[in-house]
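For reference, the structure is listed below as structure tokens.
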Amino acid sequence: MKYKVMIIIIAVIFAAGAVGTFFALNSPARGTVRVISGGKVIETIDLISSDDRSFDVEYDGHKNTVEIRDHRVRVISADCPDQTCVRMGWLSSSSMPIVCLPHQLVIEYTESLDGIDAVTR
Ligand SMILES: [Zn+2]
């Protein structure tokens, strides 16, 4: 009997973990992001209420095009030499901001999203 109870408990814990992981992986991006250009916050965007749009951020004659779609944000094009900001894709973690070093552009969450990010900070 005890063995059976153990199995059920383990199964429940496992199921809860699987569901939690599922939601963590599939939850849409949350929260507010800010766009920093040359050390100044030029745009603050509430992703939850934002409509799909894109806008250009210009700095010192250079340009990054930022796209907001499905409540996520990314750099879709840039005229920087390394293209790192474009390759980073969607902003997904508060501990991993999108950075364009040549253009001094940073796109980041204004606050940590969850405990895991808080620990890695
Ligand atoms: Zn770049």
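The values are calculated or read from the model by the stated rules, or taken from the named source; none is laboratory data. Please read these numbers as outputs of a predicted model, since none were measured by experiment. No Cβ is skipped: glycine too gets one built from the backbone with ideal geometry, and neighbour counts run over all protein chains shown.
Could you run through the stretch 78-102 and say how many residues are closer than 23 Å to residue 52 by Cα and charged (D, E, K, R)?
2
Just the residues that are under 20 Å from residue 39 (Cβ atoms) and away from the ligand (no atom under 11 Å from the Cβ), please, taken from the stretch 67-94.
Matches in the stretch 67-94: 73, 91, 94.
Please go through the stretch 41-57 and give me each residue that is surrounded by fewer than 16 Cβ atoms within 10 Å (Cβ to Cβ) and not in a loop (DSSP other than H, G, I, E, B), ordered by number.
Of everything in the stretch 41-57, those that are surrounded by fewer than 16 Cβ atoms within 10 Å (Cβ to Cβ) and not in a loop (DSSP other than H, G, I, E, B) turn out to be 41, 42, 43, 44, 46, 53, 54, 55, 56.
Since residue 105 meets every condition but one in (1) modelled with pLDDT of 95 or more; (2) surrounded by 16 or more Cβ atoms within 10 Å (Cβ to Cβ); (3) within 19 Å of residue 52 (Cα to Cα), which condition does it not meet?
Going through (1) modelled with pLDDT of 95 or more; (2) surrounded by 16 or more Cβ atoms within 10 Å (Cβ to Cβ); (3) within 19 Å of residue 52 (Cα to Cα) one by one, residue 105 breaks only (3).
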